[in-house]
Structure formats: C-alpha cells, structure tokens
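The values are calculated or read from the model by the stated rules, or taken from the named source; none is laboratory data. Everything quoted here is computed from the prediction, not taken from an experiment. A quick note on method: Cβ atoms are made from the backbone with ideal geometry, for glycine too, and the neighbour counts reach across all protein chains shown.
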Amino acid sequence: MSLIRNLCARLERHPKRVVFPEGEDERILQAARKFTAKNLGVPILLGNRHEIKTKAKQLDIKLEHIRIIDPVNSEEKSVLKQYLKSIYRFKNIGDIDLDTLIVKNAYFAALMLANSQCDAIVSGGNSQASSGLRPLLQVIPFQNKNKLISSLNIFDLEDPVSGQDKELFLADCAVIPDPNIDQLAEIAINTAALSYQLTNKKPKVAFLSYASQSKGKDGHTPIQKVKAATQVAKQLAQSIPIEMDIDGELQLDAALDSRIAKSKKLDGPVAGQANVLIFPDLQSGNIASKAINYFTHSRQYGPILSGFSKPAAEISRGTYAGDIFGTAVMVASQAIDHELLYPTSENDLNEDIKDIIKNKNIEK
C-alpha cells in the first residue's frame, strides 16, 4: 500500500482540521473537496466568502463540510488579536497595526494554528515562500531551543527493482541555503524523525556528496562538511528515542541502489537502502527534488516544514491539486500521536479499516 493510501486510512480514524490561507485558489478548492470527501477531517479555507463560493460553483465543487472564514469579517479576530499581543515581538505594536496584520490570511492562519483552532496549515499556493514562512516564524513556537527551521519533500513512488512502494524524504530543499555542519546534522535528525512518524519504518539516513566515503584526506570543503555533519548526526541520534541508521558521505546512486553500493564496496547499514536523503545545500536539494518530480511524475508532497511545534507546509506555486491534497494528508498525520497513528496492535487497526470499507460499501 502506498504511503498516501496508508495514511488516509489511518487519518480517517483520527480526522484533523487543516487551514488553507489561499482559499480562493482553484487547486486548494479541489484539494479541500477531496480531503473532506475521504472523511479525513475539516478543511478551513480563508478568503472572501463570496469569491470562494463563486469559484467553487464555476468548478462544480460542493462546499459541504468545508469551513470558510473571511478574516476581515471573522468573529475570531478579537481572540486572535489577544493571542498576537501575548507574543513578545508584538507586545508594543499599536492596535491599528495589529488590526491590519491580523486580517492578512497568512497571519490569520498562523494564529489559528498557534491557538489550536486548527491542527495543521498548508500555505504558499500562490505566494512567494518568504510571504508564507514569515508569519509562521513570528507566531508558531519552535520545537526545540535551536530554533532551526528547515524543509523536506516526500516522494511516494515505486522501487524500480522490487516494484514495491517506496518513500523518499529529501532535505533541505527550500529553506536554508547553505547549512553549516551542526545545522546539516539537525536537518537530518528532524527529517528522520518525521519519516518515522509518517511511515513507522526505521530511518536510513544518507548524507549525500559527489563521492562515496573518500579515503584519506580530502581537502575539498563540501566533502569535509558532509563528513563532519554525519558524525554530529550520529551523536545527536543517541539522544532521541528513535532507532536510525546514518551514513555518509554517499553518492546518490550508491545510497539508493544496492547493486551500485556493492560494486563500490560499500557495505554499511545505509548504502543501497536509504530512505532519507540529506543534501549538502539547498541548491542541490532543490534541483534534485524538482528533477525527480519532473522526470518520474511521482507523487510529491511538500515542502513540509520541520522545527515548528505545529505541523506546517509551504508548498510551491507550481504544485498540482493532487499534491496539495497529499501534503495536507502528511501534515494532518503529523498532528496524530505516533502511538495512535501506528498502534501497537496492527490487527486492531486492520479490523477498523475493514469496518470502514464495509460501511462505505453498505452506504453505496
């Protein structure tokens, strides 16, 4: 079963509320309709109510079980304004400026998330990444003291060798241009933790480079950074309750293809088996992510933001409706405790899924 189908079945048992700041976007409307049609929770669309309804009518999209909020006329403004005032950076800002800020969809959505009026956010559909990221950085608490925010893309595809479903987590593809050694190590750990949350599989983390475990002293700075980050990540991994394998530096093909790994005499626990790919910088990560998406037409979700205390995604402006839906499923699933998402007794879960399917057949 593919990752998206697996998570949909589980999310149906624990539905969540996902807010979309760009509620008037055609792709958002389509993704929201699919989200509620599959009984995964409640999509919340922000924007002008009349324009959303008009666009939905043009697209023949029913809005039942989809919540629409116009920040300009919302009764929630006073509550969210008080929450905004409680944040130190906004403490001394005047009421007029706060009123102007709070009716902006991106800030309204971020405040809803921070105030637990929704469970996750998917933004960025028709705005520059910085426009959607800034309100989140200013409003949403960080997950840890390092305050490192990075991103990852998830690919839900088929293994070319075995034909089985395979997931790949790529980071960082959208936020930190040139992470230092410590940042790169933390990006790896955060991405691995999220991969475990969503797949329940042991993360196998590959730090990528243009060479695989080069011998001797390699004076080239990028390789030295990857080598050092690999060691730091291994140390960090010992402090979290998730088992993972970490190795580097590895070339992309050696990280993914066991035949190639064997031909290069790489026999570590990650070579040929990686499901988490850590790129040395944003440029290489972003190019690789778009190349995989363009040439394989595989299902891609994200960029998903890691480092916040709440689930959030900042999608690309070129993203398709189906990928937006999938991204919503990913961040909504993040909002479910791992013990509930993957209960100890999978038999209980399988029985529940069978009941859901049976009931749907009866309804038909």
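Odds and ends about this structure:
- Inter-residue pairs, beta-carbon under 7 Å, first more than 23 Å from residue 102 (Cβ to Cβ) and in region 62-75, second surrounded by fewer than 18 Cβ atoms within 10 Å (Cβ to Cβ), 6+ apart: 63/53; 65/42
- Just so you know, in region 51-96 the residues that are small (Gly, Ala, Ser) and farther than 23 Å from residue 40 by Cα include one that is farthest from the chain's Cα centre (by Cα), and it is 94.
- For region 225-241, filtering for residues that are in a helix (DSSP H, G or I) and within 21 Å of the chain's Cα centre (by Cα) leaves 2.
- The residue that is modelled with the highest pLDDT, counting only those in region 316-362 that are more than 17 Å from residue 155 (Cβ to Cβ) and in contact with a Gly (Cβ under 8 Å, 6 or more places away or on another chain), is 332.
- The residues of region 291-323 that are within 22 Å of residue 334 (Cα to Cα) and assigned to a loop (DSSP other than H, G, I, E, B), listed by number, are 298, 307, 309, 310, 311, 315, 316, 319, 320.
- Residues of region 242-279 satisfying the condition of being touching a Pro at 6+ places or on another chain (Cβ under 6 Å) and either at pLDDT below 95 or outside any loop (DSSP other than H, G, I, E, B) (or both): 245, 276
- Condition broken by residue 176, with the remaining ones in (1) buried (at least 23 other Cβ atoms within 10 Å of the Cβ); (2) in contact with a strand residue (DSSP E or B) (Cβ under 6 Å, 6 or more places away or on another chain); (3) not in a strand (DSSP E or B) satisfied: (1)
- Flag if residue 197 is surrounded by 15 or more Cβ atoms within 10 Å (Cβ to Cβ), closer than 23 Å to residue 310 by Cβ and more than 17 Å from the chain's Cα centre (by Cα): no
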